[in-house]
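Just so you know, all these numbers are worked out from the coordinates, no wet-lab data involved. Treat the numbers as computed from the prediction; the structure is a model and nothing was measured. For neighbour counting, all protein chains shown are included, and Cβ atoms are generated from backbone atoms with ideal geometry for every residue, glycine included.
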Amino acid sequence: MNRFALRLAATAALGAAMFVFGCGTDDEVTLHPSLPVDDGSSGGSETIGGGGSAPGPEVCPDATSVIDVEPAQSNTLFLVDRSGSMHLRVTDTVTRWNLTKAGLFDLLDAMPASARGGLSLFPAGDAPIDCCVITTANTITCDGCLAGELPEPENRCDALEYQDLDVGVGPLDALQVEAMKAKIATVDEEFYWGTPLAPALAGAVDSMVAMKAPGVSSVVLLTDGLPTSCHTADDPTANDIQRVVDAAALGYGSAVRTYVMGVIDGVKASDATALSAIAEAGGTGRYAGCELTNDCAYQINVASFADDLAVALESIALDAMSCTIELPEVAGGVPDYDAVNITVTTNGVTITVLRDTSHGDGWDYLPGQQNVQLYGASCETLKADLDAQIKVVVGCQTVGG
């Protein structure tokens, strides 16, 4: 079993271990006002997140509900760059695309069938071209293209082209995985013109929003370039990176996160500053304050392409699958959002996770307040223990801020 499989199988086991609640009053535990949240079975208590303090296992002695929860259903759309520069060589015989394909295949083989995934390749809307080639010097030349052979931007720069996914999001069973692999493999011999990042991301986000899938939805963007090939006389700023950032921000406002991986060096590479801005706007900064050093995205270097890609894919998959929980229904419907606390029992210790709206270490609501995301060390604590149990405690003032 490869490294992805070991870690992601562990994540699947974690979700199974915590699957306790459904919706409705049968799953609620109503406590006597004098009874603490901790029933005495744990070996102790402490607090994590936010650097503050909290009452630990007695975070809410007057709780009206204490509900065991599991990680939310994960719905992930892989938005993958298939532009011609992906065929640039990393070694004498191996290309960026070869390594990207291998990394994606490893991840798909490792992800549990309980997760949901789909695929969108960009650019789309144009046919592949055959008049551009990779030279012996590992550059791209289109000197052999005749007038009219390079496609105009109308199709590939239309966000509607990307709402019809190459493989729709569905359970990652054997058939779904095979369909995604087959579509990815078509790129092996195809060369596509341009890098229409803004319309591709906007269309992908729109598709995920329209899906209205339960759980948490994410777009995973992998690119080796900056926006190109969409500007016209009528729209001279079409390649502005701000349009990509805006698409990510609109997605996050509709509860669709955007994770970002990108090649940052070599010929025809992307840019760490641009990629970081997209990830920050998409709600997936790698740590609090990452925007200060332009480090919010996962950076891929040509010299260590395979390893960097593997780390990025694994980290994103684990984060998306482990550290987001769906807020359960409580008596009377939705809870008082200022009277919710999160506890994690791990290694015999019940931990009160403080709310941290700066997203450094703790938890916070995702847009719409239907899902909760754990950040920083709080997320790492959850991923590290297969037997961890998460509880949503309702009825007392939220600790942290």
Whole-number value, in Å³ per residue, for the convex hull of the alpha carbons of the stretch 278-401 is 115
How large are Rg and Dmax for the stretch 361-401 when calculated on the C-alpha trace, in angstrom? 11.3, 29
Most exposed first by the Cβ proxy, i.e. fewest other Cβ within 10 Å, how do E314, E189 rank? E189, E314
Mind checking which of S74, L250, F122 is farthest towards the positive end of the stretch 74-322's charge dipole, using Cβ charges of +1 (Lys, Arg) and -1 (Asp, Glu) about the Cα centre? S74
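Just rank Y252, Y298, fewest to most, by other beta-carbon atoms within 10 angstrom. Present the calculation step by step, with values, prior to reporting the outcome.
Numbers: Y252 19, Y298 23.
Ordered by Cβ neighbours within 10 Å, fewest first: Y252, Y298.
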Phi to ³J(HN,Hα) by Karplus 6.51 cos²θ - 1.76 cosθ + 1.60 over the stretch 309-319, Hz, x for Gly, Pro: 5, 4, 4, 5, 4, 5, 4, 5, 4, 5, 5
Largest first and in whole Å, give the semi-axes of the stretch 74-322's equivalent ellipsoid, each being the square root of 5 times a Cα gyration tensor eigenvalue. 26, 20, 19
Using mean Cβ contacts within 10 Å as the protection proxy, how do 153-163, 229-239 order, highest first? 153-163, 229-239
Restricting attention to the alpha-carbon atoms of the stretch 51-166, what are Rg (one decimal) and Dmax (integer), both in Å? 23.6, 76
For the stretch 193-287, rounded, prolate or oblate, judged on the Cα gyration tensor with a ≥ b ≥ c (square roots of eigenvalues), a/c < 1.5 rounded, else prolate if a/b > b/c? oblate
Along the charge dipole of the stretch 74-322, pointing to its positive end and built from +1/-1 on Cβ of Lys, Arg, Asp and Glu, which listed residue (T91, M211, L221) has its Cα farthest out? M211
Please get the size of the charge dipole for the stretch 50-155, origin at its Cα centre, with Cβ charges of +1 on Lys and Arg and -1 on Asp and Glu, quoted in debye to the nearest 20. 260
Calculate one ³J(HN,Hα) per residue across the stretch 80-96 by plugging θ = phi - 60° into the Karplus curve 6.51 cos²θ - 1.76 cosθ + 1.60, and present them in order as whole Hz with x for glycine and proline. 10, 6, 10, 5, x, 5, 5, 8, 5, 7, 8, 10, 4, 10, 10, 9, 4
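How much of the DSSP beta bridge set in the stretch 74-322 is antiparallel, as a percent to the nearest 5? Please report the intermediate quantities before stating the final value.
Values: 6 of 31 bridges.
The antiparallel fraction comes to roughly 20 percent.
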Directionally averaged shadow of the stretch 246-350, computed from the convex hull of its alpha-carbon atoms, nm²: 9.7
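Using the count of nearby Cβ atoms within 10 Å as a rough guide to exposure, how do V216, V169 rank from fewest to most?
Details: V216 25, V169 21.
Lowest to highest Cβ neighbour count: V169, V216.
To the nearest 20 debye, what charge dipole does the stretch 74-322 have about its Cα centre, counting +1 at the Cβ of each Lys and Arg and -1 at the Cβ of each Asp and Glu?
Numbers: 13 positive and 34 negative charges, 122 e Å.
For this selection, approximately 580 debye.
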Whole-Hz Karplus couplings 3J(HN,Hα) for the stretch 207-221, θ = phi - 60° and coefficients 6.51, -1.76, 1.60, Gly and Pro as x, run 5, 5, 5, 5, 5, 6, 6, x, x, 10, 10, 9, 10, 10, 8
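Rounded to two decimal places and with Rh computed the Kirkwood way over Cα pairs, what is Rg over Rh for the stretch 89-153? Let's see the in-between values first.
Numbers: Rg = 16.6 Å, Rh = 15.1 Å.
Computed over Cα atoms, the ratio is 1.10.
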